[in-house]
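Okay, so here's the structure we're looking at.
Bear in mind these aren't lab numbers, they're just calculated from the coordinates by the rules spelled out. Everything quoted here is computed from the prediction, not taken from an experiment. Reconstructed Cβ throughout: ideal geometry from the backbone, glycine too, with neighbour counts over all protein chains shown.
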């Protein structure tokens, strides 16, 4: 058995832990593993490397991905699709493990309908893939964001200013909400609930009346005002049609300072949330995912994605997740709202 493994989309802590688990589990069955470099791009361009127990030694704690990643849609053109098919055959692959988010898994689902023996591993620090409680990388991102909020609290208090912290979250406010609760944020703005800037400013003013001379707001990059739209860094889109988000915090900060007269500063955490060593939780979850993916292949359960629910690893058909996303649990957001203002 020869298995290919690839990581697609944005990087996140825990990817190497999955790769390591895939290789070690495959080795125990006598399978050969090929690492597809730069995600789907590697299958289009024919770039692979052999992965052995030796080559994955010591990667458990490393961030990023040793086989690289890219935002490539191999089905966008007939030429790329044919190259992918030809290379898959030329490499002699018997099965493929695709590790990625909605776009990577969407491609995997389509390839399965084309006859490919493929399984998926959910990956996104946004934690917005449905039918799974957690995706690896999320816990690490929350830990990093929480530490940043803790540090920014002290400088906000010292200068009696407002700090606006921008975290990742294109469609869902999981990172913003969980890190905001953990860090004691005074307001949290998420994509699921369009915000009213007047209400945000009123909340800040009310804190001042109560003798609280500073405020800290956490905002997800995908948050948008009630009367506005998403804020993007540029108008161009990637291979999957996504614009590059970022900068909503600057818009909010300008409005707060203009409407309240309070000095306001911005901290955009950006890719800091993606890098570095994964937490213990993410290492264990990623390891369990990698082993489960190989087991699906061994049991010939193709076209599925491994899932995590109630501390149990299971699986679901890839087709069931297409076009769906997991928004923030509003009961959790209600917990955060108790501490607003």
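Its relative contact order, with pairs defined as Cα atoms under 8 Å and 6+ residues apart, puts the chain at 23 percent. Taking the C-alpha atoms only, the angle from helix 174-183 to the longest principal axis of the chain is near 50 degrees. Entry note, the chain: the mean residue ellipticity at 222 nm calculated from DSSP H runs of n ≥ 4, each adding -39500 (n - 2.57), is -12000 deg cm²/dmol after division by the residues and rounding to the nearest 500. Segment residue 147..residue 338, full-extension length gain: 66.6 nm, with 0.36 nm per residue of separation and the alpha-carbon distance subtracted. From most to least packed by mean Cβ count within 10 Å, the peptides 141-151, 214-224, 285-295 give 214-224, 285-295, 141-151. Against the chain, whose longest principal axis comes from its Cα atoms, helix 102-113 is set at around 30 degrees.
Mind grabbing the base-10 log of I(q)/I(0) for the chain at q = 0.07, 0.15 Å⁻¹? Debye formula, identical points on the C-alpha positions, no solvent, two decimal places. Computed log10 I(q)/I(0) values: -0.32, -1.14. In this label model, residue 257 and residue 320 are separated by 5.0 nm, measuring between points 7 Å along each Cα→Cβ vector. What shape does the range 278-341 have by the C-alpha gyration tensor, where a ≥ b ≥ c are the square roots of the eigenvalues, rounded means a/c under 1.5, and otherwise prolate means a/b greater than b/c and oblate the rest? Oblate, since a/c reaches 1.5 and b/c is not below a/b. Full extension of the chain between residue 114 and residue 85 gives 9.4 nm of extra length, using 0.36 nm per residue less the Cα-Cα distance. Obtain the nm distance between the two label points defined at residue 271 and residue 198 by a simple spin-label model: each point lies 7 Å from its Cα along the Cα-to-C-beta direction. The two pseudo-label positions are separated by 4.1 nm.
Per-peptide packing, taken as the mean over residues of other Cβ atoms within 10 Å, places 265-276, 326-337 in the sequence 265-276, 326-337 from highest down.
Is the shape of the range 140-198 rounded, prolate or oblate, going by the alpha carbon gyration tensor and its root eigenvalues a ≥ b ≥ c, with a/c under 1.5 for rounded and a/b larger than b/c for prolate? It is oblate, given that a/c is not under 1.5 and a/b is not larger than b/c.
Sorting 152-162, 125-135 by average packing, meaning the other beta carbons within 10 Å per residue, from highest down gives 125-135, 152-162. Report, in degrees rounded to the nearest 10, the 0 to 90 angle that the Cα long axis of helix 15-29 makes with the longest principal axis of the chain. Approximately 30 degrees, to the nearest ten.
Its convex hull of Cα atoms gives the range 141-274 a direction-averaged projected area, equal to a quarter of the hull surface, of 7.8 nm². Within the chain, DSSP assigns beta bridges of which about 30% are antiparallel (rounded to the nearest 5).
Compute the Cα gyration tensor for the range 91-189, then decide on rounded, prolate or oblate, letting a ≥ b ≥ c be the square roots of its eigenvalues: rounded whenever a/c is under 1.5, prolate when a/b is larger than b/c in the other cases, and oblate in all that remain. Because a/c hits 1.5 or more and a/b exceeds b/c, the range 91-189 counts as prolate.
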